[in-house]
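The block underneath contains the structure these notes are about, expressed in structure tokens.
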Amino acid sequence: MEDKLKIPRHIAFIMDGNGRWAKKRGLPRKFGHKEGAKVLRMIVEECKNAGVEYCSFYAFSTENWKRSQDEIDSIFDLIKKFADEELDKYADAGYKVKCMGDISVLPEETRNSLIKIVEKSKNNNKMIVNLGINYGGRAEIVNAVNYILSQGLNKIDEQMLSDCMYTCNMPDPDVIVRTSGEKRLSNFMLWQSAYSELIFIDDLWPDLKKETLYKIFEEYSKRNRRFGKE
Ligand code: FPP
């Protein structure tokens, strides 16, 4: 008999390959991000249907400021549009939307749209959609330590640090998926990934399909079955 598919409680995605997807089609990079946003929407929907409780996405890293201003502007425009249209629907449907990263430096309109949705959905509990925007794992750890120091404490423990991360009150990701064949974390959820299963797939993010998501669940199920066994 086939073993039961295990659905992770928390799945996190490093959405890589948008630029290459566009380049392969002779299009500007921003078209890759636009297509990537559609896939993000599909993945949230499918994760919800599958019973995932927490979905995290790396949308903009602290290193992404090094890209051209045109590309940066297009990503923030897209995030604003996504917040006003899709995230607003999620909020109405009972999902909680969270942001991790320093969004205070984002273009005002994008920041305001995100803050509005985070506020609107803060008491929801159907599924958490957690967006990493201007997020960096090292900066998150440094901020947490500085916060603890500012409280006059001189000894810390793991729980205190966890409580000072953007992900406080969330379980660590059971699985982190990176698309596009790159096999590294690139400063994503460094503290939270201590025991995460890492799954690297060759598809570019905009090419991700529902079937691929289920292949990821299958791979995760296999890894879990081996956990702790010989
Ligand atoms: C990485 O691919 C992707 C990004 C830096 C941006 C991700 C953004 C989105 C998927 C859409 C906008 C987000 C939201 C929340 C609506 P890359 O550009 O590094 O691709 P490459 O490695 O092929 O160049």
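Please count how many residues of the stretch 1-26 are within 12 Å of the ligand (Cβ to nearest atom) and either hydrophobic (A, V, I, L, M, F, W, C) or surrounded by 19 or more Cβ atoms within 10 Å (Cβ to Cβ) (or both).
Here the count works out to 9.
Is there a residue in the stretch 96-115 that is in contact (Cβ under 8 Å) with a residue 24 or more places away in the chain, basic (Lys, Arg) and out of contact with any Ser or Thr (no Cβ under 7 Å at 6 or more places or on another chain)?
yes
Conditions tested, residue by residue: (1) part of a helix (DSSP H, G or I); (2) modelled with pLDDT of 95 or more.
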{"residue": "Lys4", "(1), (2)": "no, no"}
{"residue": "Ile11", "(1), (2)": "no, yes"}
{"residue": "Gly19", "(1), (2)": "yes, yes"}
{"residue": "Leu27", "(1), (2)": "no, yes"}
{"residue": "Gly32", "(1), (2)": "yes, yes"}
{"residue": "Gly36", "(1), (2)": "yes, yes"}
{"residue": "Arg41", "(1), (2)": "yes, yes"}
{"residue": "Glu45", "(1), (2)": "yes, yes"}
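Taking interchain pairs and intrachain pairs at least six residues apart, which have beta carbon atoms under 7 angstrom, with the first residue in the stretch 10-27 and under 16 Å from Arg67 (Cα atoms) and the second in a strand (DSSP E or B) and more than 9 Å from the ligand (Cβ to nearest atom)?
Every condition considered, the pairs that remain are Asp16/Arg178.
Is it true that some residue in the stretch 45-55 is crowded, with 19+ Cβ neighbours inside 10 Å, within 11 Å of the ligand (Cβ to nearest atom) and not small (Gly, Ala, Ser)?
No, the conditions are met nowhere in the stretch 45-55.
Does the stretch 106-145 hold any residues that are of a type in the set (A, V, I, L, M, F, W, C) and under 20 Å from Ile176 (Cβ atoms), and which are they?
Residues satisfying the conditions are Met127, Ile128, Val129, Leu131, Ile133, Ala139, Ile141, Ala144.
Would you be able to tell me the number of residues in the stretch 195-212 that are more than 15 Å from the ligand (Cβ to nearest atom) and at pLDDT 95 or above?
Here the count works out to 8.
The values are calculated or read from the model by the stated rules, or taken from the named source; none is laboratory data. Values in this document were obtained by computation on a predicted structure and should not be read as measured data. A quick note on method: Cβ atoms are made from the backbone with ideal geometry, for glycine too, and the neighbour counts reach across all protein chains shown.
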